[in-house]
Structure formats: structure tokens, C-alpha cells
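Have a look at the structure below before the remarks.
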Amino acid sequence: MEIPRHWRLKQQRYRLVGEVCQHCESKIFPPRDICPECGGEADTLYTFSGNGEVYSYTTVHEGPAGYDDSTPYTVALVKLDEGPTVTAQLTDVDEDSLQIGMPVEMVTRKLKNDGDERGMIVYGYKFRPRMAVA
Amino acid sequence: MTTLKPSTKLLKPARSVGITGYGVYIPRYRLPAQEIARVWAGGKAALPIKEKAVPGLDEDVITMSIEAARNALARADIHAHQLRAIWVGSESHPYAVKPTSTVVAEAIGAVPNTQAGDWEFACKAGTEAIVASMGFVGSSMADYAMAIGSDTAQGRPGDALEYTAAAGGAAFIIGPAENALATINASYSYVTDTPDFWRRENQKYPEHGSRFTGEPAYFKHTTSAGSTMMEALGVTAKDYQWAIFHQPNAKFPQRAAKMLGFTPEQIEPGLLAPVIGNPYSASAIIGLSAVLDIAKPDDRILLVSFGSGAGSDAFDITVTKEITNRQDKALKVQDYIDRRTEIDYATYARMRGKITMK
Ligand SMILES: [Zn+2]
């Protein structure tokens, strides 16, 4: 059971809330309070647009505990439009349509049950092929 | 029994209100009704719809509500902090105890200065929340409130309900009429105790009182709600461009529309059961969203929901010129309908937890 951790991470998990560095304006995700670019203090919250593209990906056939009933699934490195790269599951995607550079967008989905079906449901970001607004 | 004058039956807020933004979500998977008939009826059954929308393994009422809410916010062009209520109507809330609405509020950035609550009334829980939002805004307690109807409906394998029980969500931001893409001129609710459909605690699948589902439940409530409101407003079907009724299948809303004097053309854009099934609390209001997607300023719309148990909420809506500025700000109903991945019954059984592993 990791309830305190899930609770603490909810903003970044539900809606990609990271930080922006006030010294060099780098956008930071996940939030870490120190800018990886300039080493300055960074604690101003910044909500990412959720748009990005697939940088690389791999398909998981045997998932760790909590993820084993959703296999097979694809995990990708997604390069966000604002700069940072995040690791996340892809969803609503067919394996044969996957490609590097594919535009994706953030959606909030069920990640896993904490423990078994009696535990809390953990929600968080995944990415899906971008559905353009006309 | 006290007899009310027609005009006093209407629910009309003191301050004029309307729809500031709306948005939907429909999952990508489709299960054809013919596939259910193949498994359970030797391929021979009268099919109530063409296919239904099925949620993926990582989707539930919370995730669908979040996406619908984000689309509604994009159209409303207000900040989530301006929402003073997040109300989610559903009969498939993921938790038995723990609100859906708080997770949705957190995910769209509406916390912490907001009301939140989950509503239940079979398929009309979403329109219940819209009526409450009208009161919340119409009394000037708040400027904006969000009402959501969202469901991942389940039917017992092989049961008639399994052909139509579908998934989807719709979110409506109710606000002052001055900033609305459509005004809600009035509503009216018609409710009785009718045992047409129910699910007891800890039961996975619902039961239905077969002979109660048509005349005394659906038709009595939808037509009473619609005709009473129209009579009180002094209008008839001819005064409306569009009408939307709750859609447990394709036939019921068509018949209810006809009983109230509406033509097939008037209900066509909002009649989605044939291609998405019945997403319960979201059914009528996804239909309304599809109509708003194509509506023009001054179009008048009748919306009538239905929830088993039983009751109907009727709404009289007039589209404003703001509609054209907001239709394209978020994904439309047709975008989600076009995103279609057909699945077979085995895949559906896995996705919907119909295969027991222990
Ligand atoms: Zn920096």
C-alpha cells in the first residue's frame, strides 16, 4: 500500500503539473524543484499542454504486479512539446500503427489497482494518438 | 392531489441560465449487436442497435468524465477555478464509497474551492445534475457549475440489455445566460415510483421488470415530461428545430418523438443509439451534444431524459449566436464516433471483466 505517495503525486499524475524555472524558463517534469538546465531553484507550478511525440517505445508482455492484467501494453518515451521527456504507457493504440515521431496527447486513465481489487484505484497520465481538433 | 396551473409546473430559475460549454467522451471500441447474437442466440435475434461503445481496460466513469469535462472547459473558455460545483451522475461509479466527483475536480484543476458530489438516478442522473446546476447558478449562489452524466453500463451476458448497455460521458457547464452558447429557458421533471429496472447492492448486473419497461415507464414518463413542459410554455413540436430523447435502443426514442408530434428529421442528429448504444446517464446528453455540434443560432431544442425507477427531465433550450465561436474548440461527437475499433465477444468479455480468474 502506497497511499501517501499516490496522494502526493496526484497533481502531476492526473494533469501533468510540473514546474517552470524562473531563471532560464525551462519547463520541468516531473517536478524536482531544481532546474536540470541551469541548476537554479524552480518551484513555480506549470501545467503542460499534454501534447508531444513518441521518441521511442517498447511493448511489455509480462507486466509487474498491478499491471499484469493489462498486458500486452506499450510503454513509450514521450517528448513533450515543452521540452521534457516522460515515460508513460500508450493507450488506444494498435501496435502495428506505432512509429517514432507519432504525435500523441495526454489522457488520464486507470494505471492500476493499489494491491488487489479492494485497494484504491490509481489514475494517471497515459498518451494516445493525437485526435486533432478541427 | 393538488392541481398545479401549467405555468407553475415549470422549473425556472430567478436568474436566466444557459450552457456555457459542453463536451463528450466515447470510448473507441465497438461491439456489434450481431456479435452478441452470434454468441448467445445462434446468430438469430432482432437487433435493437447496430453496435455499442465499449470502454477499454483502463477506462471507467472517472476517466470518461475527466475527458468530457476537459472538452467542456475548452468550449466554455473559463478557468476551472470558476466552477463552483462538479456533479457527476452515474450508475457505475468506480467506487461504492469514495466520490467520482473529487477525482474529476482534481484532474481538471477545479479544487479546492468547489462543491462536489455524485448523483444517482439510473439513466437520468446527469440531467438531475443539470437541473441542480440551473438552481445553483440561477439563484446566484454560483456563476458556473459542471454537471456530468457518465456510465459504463453492464448487462448480464445474453440478456436483452447486453445488446445496448454501453459506455460514454458528457459534461455540461451551466452558467449565466449572458455568456451561454445556448439558454435553458425552462425545465420540468416528471417522477413516479415505477419498478421497471433496478440493481441491488453487491449485484453485478441489473434486473428489469420486463413488462414495465415500455408503456408505464419509458413512454409514460418521457411523453408526460415533454408534453407538460410544452403545454406550460405554450409551444408544440413545430416550434422546435431539434428534439432528443433518452435512447435505451433505437426504437423507443423514435416512437416517443412521434407521440409528441416530432418528425424523424427533428430527432435524426441526436439519435445515436444505433451507433453507440445506450450509455445510460450520458445517452440523452451525448445526443444533445451532437445536436449542439451542428446547431445554428436561434435553433430551439427539446431534450427529454429518462431514468428507470422512474422519471424524466425535460428542457427547453435556445441556441445563441455564441455557438459558432465554440463548436470547434473541442472534439465533436462525430470525431469520437469515427474513432472506431471493432472487437469480438471474447475481447469484450476480457475488457468488461466478464471472465473470472479466481
Ligand atoms: Zn533553469
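Looking at the stretch B:59-98, which of its residues are in a loop (DSSP other than H, G, I, E, B) and open to solvent by 10 Å² or more (accessible area, probe 1.4 Å)? Talk me through it step by step, then tell me what you get.
Taking the stretch B:59-98 first, the residues in a loop (DSSP other than H, G, I, E, B) are B:59-60, B:77-79, B:90-98.
The answer is B:60, B:77, B:78, B:79, B:91, B:92, B:93, B:94, B:95, B:96, B:97, B:98.
Within the stretch A:40-58, identify whether any single residue is in the same structural domain as residue A:93 (by TED's automatic domain parsing) and free of Cβ contacts under 8 Å to residues at least 24 places away in the same chain, and answer yes or no.
Yes, the stretch A:40-58 contains a residue that is in the same structural domain as residue A:93 (by TED's automatic domain parsing) and free of Cβ contacts under 8 Å to residues at least 24 places away in the same chain.
Are any residues in the stretch B:208-234 out of contact with any strand residue (DSSP E or B) (no Cβ under 6 Å at 6 or more places or on another chain) and assigned to a strand (DSSP E or B), and if so, which ones?
If the condition is that a residue be out of contact with any strand residue (DSSP E or B) (no Cβ under 6 Å at 6 or more places or on another chain) and assigned to a strand (DSSP E or B), then no residue fits.
Anything in the stretch B:200-212 that is open to solvent by 50 Å² or more (accessible area, probe 1.4 Å) and not small (Gly, Ala, Ser)? List them, or say none.
Selection gives B:200, B:201, B:202, B:203, B:204, B:207, B:208, B:211, B:212.
Considering only residues that are in a loop (DSSP other than H, G, I, E, B) and either of a type in the set (A, V, I, L, M, F, W, C) or open to solvent by less than 10 Å² (accessible area, probe 1.4 Å) (or both), which ones fall in the stretch B:246-288?
Matches in the stretch B:246-288: B:246, B:247, B:250, B:260, B:262, B:271, B:272, B:277, B:279.
Filter the stretch A:91-117 down to residues that are closer than 23 Å to residue A:65 by Cβ and more than 11 Å from every other protein chain (Cβ to nearest Cβ), then give me how many there are. Explain how you work it out, then say what you get.
Step one: list which residues in the stretch A:91-117 are closer than 23 Å to residue A:65 by Cβ, which gives A:91, A:108-117.
So of that shortlist, the ones also more than 11 Å from every other protein chain (Cβ to nearest Cβ) come out as A:114-115.
Qualifying residue count for the region: 2.
Can you give me the number of residues within the stretch B:169-199 that are open to solvent by 30 Å² or more (accessible area, probe 1.4 Å) and of a type in the set (Gly, Ala, Ser)?
Residues in the stretch B:169-199 being open to solvent by 30 Å² or more (accessible area, probe 1.4 Å) and of a type in the set (Gly, Ala, Ser): 1 in total.
One residue is enough: does the stretch B:187-194 have a residue meeting the conditions among the β-branched types (Val, Ile, Thr) and under 26 Å from residue B:66 (Cβ atoms)?
Within the stretch B:187-194, none of the residues are among the β-branched types (Val, Ile, Thr) and under 26 Å from residue B:66 (Cβ atoms).
Determine if the stretch A:63-77 includes at least one residue that is outside the structural domain of residue A:126 (by TED's automatic domain parsing), open to solvent by 60 Å² or more (accessible area, probe 1.4 Å), modelled with pLDDT under 95 and farther than 28 Å from residue B:26 by Cβ. Before the answer, list the steps.
Quick first cut of the stretch A:63-77, residues outside the structural domain of residue A:126 (by TED's automatic domain parsing) only: none.
Scanning the stretch A:63-77, I find no residue that is outside the structural domain of residue A:126 (by TED's automatic domain parsing), open to solvent by 60 Å² or more (accessible area, probe 1.4 Å), modelled with pLDDT under 95 and farther than 28 Å from residue B:26 by Cβ, so the answer is no.
Among residues belonging to the stretch B:1-24 that are open to solvent by 50 Å² or more (accessible area, probe 1.4 Å) and of a type in the set (Gly, Ala, Ser), point out the one that is nearest to the other protein chains (Cβ to nearest Cβ).
Taking the candidates together, the pick is B:16.
Check residue A:132 against each of (1) farther than 24 Å from residue B:349 by Cβ; (2) more than 11 Å from every other protein chain (Cβ to nearest Cβ); (3) not hydroxyl-bearing (Ser, Thr, Tyr) and name the one condition it does not meet.
Result: residue A:132 passes all but (2).
Here's a check for you: in the stretch B:188-218, which residue that is among the aromatic types (Phe, Trp, Tyr) and touching a helix residue (DSSP H, G or I) at 6+ places or on another chain (Cβ under 6 Å) is farthest from residue B:249 (Cα to Cα)?
Within the stretch B:188-218, the first condition is being among the aromatic types (Phe, Trp, Tyr), and the residues that meet it are B:188, B:190, B:197-198, B:205, B:212, B:218.
Filter again for touching a helix residue (DSSP H, G or I) at 6+ places or on another chain (Cβ under 6 Å), leaving B:188, B:190, B:218.
Details: B:188: 24, B:190: 21, B:218: 11 Å.
By that ranking, first place goes to B:188.
Among the helices (runs of 4 or more DSSP H) lying completely within the stretch B:289-358, list those that include at least 1 residues that are open to solvent by less than 10 Å² (accessible area, probe 1.4 Å) and within 19 Å of residue B:171 (Cβ to Cβ).
Values: elements: B:323-326, B:333-338, B:345-351.
Helices (runs of 4 or more DSSP H) meeting the threshold: B:323-326, B:333-338.
Taking residue B:114, is it more than 19 Å from the chain's Cα centre (by Cα), outside the structural domain of residue B:335 (by TED's automatic domain parsing) and modelled with pLDDT of 95 or more?
It is false that residue B:114 is more than 19 Å from the chain's Cα centre (by Cα), outside the structural domain of residue B:335 (by TED's automatic domain parsing) and modelled with pLDDT of 95 or more.
Filtering the stretch A:12-56 down to residues that are surrounded by 18 or more Cβ atoms within 10 Å (Cβ to Cβ) and more than 15 Å from residue A:83 (Cα to Cα), which residue is farthest from the ligand (Cβ to nearest atom)?
So, considering only residues that are surrounded by 18 or more Cβ atoms within 10 Å (Cβ to Cβ) and more than 15 Å from residue A:83 (Cα to Cα), the one farthest from the ligand (Cβ to nearest atom) is A:14.
Looking for something at the interface with chain B (Cβ under 10 Å from one of its Cβ atoms) and of a type in the set (Phe, Trp, Tyr) - is there at least one such residue anywhere in the stretch A:67-80?
Checking the stretch A:67-80: at least one residue is at the interface with chain B (Cβ under 10 Å from one of its Cβ atoms) and of a type in the set (Phe, Trp, Tyr).
Could you please find all residues in the stretch B:25-49 being in a helix (DSSP H, G or I) and either within 14 Å of chain A (Cβ to nearest Cβ) or of a type in the set (Asp, Glu) (or both)?
If the condition is that a residue be in a helix (DSSP H, G or I) and either within 14 Å of chain A (Cβ to nearest Cβ) or of a type in the set (Asp, Glu) (or both), then B:35 is the only one that fits.
Would you check if there is a residue in the stretch A:102-109 being of a type outside the set (Asp, Glu), within 18 Å of the chain's Cα centre (by Cα) and over 20 Å from residue A:130 (Cα atoms)?
Going through the stretch A:102-109, the residues of a type outside the set (Asp, Glu) turn out to be A:102-104, A:106-109.
Narrowing the set further to residues that are within 18 Å of the chain's Cα centre (by Cα) leaves A:102-104, A:106-109.
Now drop any that are not over 20 Å from residue A:130 (Cα atoms), which leaves none.
Within the stretch A:102-109, none of the residues are of a type outside the set (Asp, Glu), within 18 Å of the chain's Cα centre (by Cα) and over 20 Å from residue A:130 (Cα atoms).
Assigned by TED's automatic domain parsing to the domain that holds residue B:138 and open to solvent by less than 20 Å² (accessible area, probe 1.4 Å) - does that describe any residue in the stretch B:153-161?
So far as the stretch B:153-161 goes, yes, one or more of its residues are assigned by TED's automatic domain parsing to the domain that holds residue B:138 and open to solvent by less than 20 Å² (accessible area, probe 1.4 Å).
(1) within 16 Å of the ligand (Cβ to nearest atom); (2) open to solvent by 30 Å² or more (accessible area, probe 1.4 Å); (3) hydroxyl-bearing (Ser, Thr, Tyr): which one isn't true of residue A:59, the others all being true?
Among (1) within 16 Å of the ligand (Cβ to nearest atom); (2) open to solvent by 30 Å² or more (accessible area, probe 1.4 Å); (3) hydroxyl-bearing (Ser, Thr, Tyr), the lone unmet condition for residue A:59 is (1).
The values are calculated or read from the model by the stated rules, or taken from the named source; none is laboratory data. These numbers were taken from a predicted model, which means no experiment stands behind them. Note: ideal-geometry Cβ built from the backbone for every residue, glycine included; neighbour counts use all protein chains shown. Note: accessible area is taken over every heavy atom of the protein model, side chains too, but ligands, DNA and RNA are not part of it. Shrake-Rupley method; radii C 1.70, N 1.55, O 1.52, S 1.80 Å.
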